[in-house]
Amino acid sequence: MKNLLYLYFIALLGLGSCASQKNMETKPPFVIDHPTSQKWIGGKEERSSGIDVVLPITQIMDENVSFQHLYFRGHVTTVKKEIIDGKQFVSAKITIKKFTKPDIIMHADPRQEVGNRPPHMKKDTITEYPYELDDDEAVLSYIGNDGKKVKYTKISEIKEKEPLLYSTKPRN
């Protein structure tokens, strides 16, 4: 009886883990050719940094496809479909760090510094990242022509461009 209970528990665990896995579509209703990523860094200390991912769509078999999210290098972000010069793109902007400078008072008299708050050590909220991907791989989620089911496709060979380093000088 005890062995039957253990067997039942293991079978229940196995079935539960299968339901949580996301199936990849091998033939999505679009073709992405020469995807790129590019890191960028703001010029001032208060600025942020991140990664822009551009997925050029060379062929689309279903115009009703709605692109949802991109999973890339441990981050999840929403995507948007753009048309530039007659070419279709799916783009994602991942913001990695936002630098904020606290407003503090520095004074020779320590009593003047009473209102200063100690630095807040913010812990990153870790969301469950469902994929193990290389640095040149991503997963794109989309809703197909049925309009109901979210589907996933893996994108490989994402070429990394030179990083963009924004200047600290103001434009005149």
7 Å from Cα along Cα→Cβ at both LYS87 and MET24: what's the point-to-point distance in nm? 2.6
To make sure I understand the rule: partners must be aspartates and glutamates, Cα under 13 Å from the Cα of LYS27, and not fewer than 8 residues away in the same chain. Which ones qualify? ASP62
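For TYR166 and VAL114, FRET efficiency with R0 = 30 Å and r from the beta-carbon atoms, rounded to 0.05?
The calculated FRET efficiency here is 0.20.
Report the local net charge at GLY144: Lys and Arg +1, Asp and Glu -1, summed over other residues whose C-beta lies under 14 Å from its C-beta.
With Lys, Arg at +1 and Asp, Glu at -1, the neighbours total 0.
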The ³J(HN,Hα) series, computed from each phi in the range 139-155 with the Karplus coefficients 6.51, -1.76 and 1.60 at θ = phi - 60°, rounded to the nearest Hz and given as x for glycine or proline, is 10, 10, 9, 8, 10, x, 5, 6, x, 10, 8, 7, 10, 10, 9, 8, 10
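Any read-out appearing in this document is the output of simple, stated calculations on the displayed coordinates, not a laboratory observation. A quick note: this is a predicted structure, and the numbers were derived from the prediction, not measured. So basically every Cβ, Gly included, is an ideal-geometry build from the backbone, and we count neighbours across all protein chains shown.
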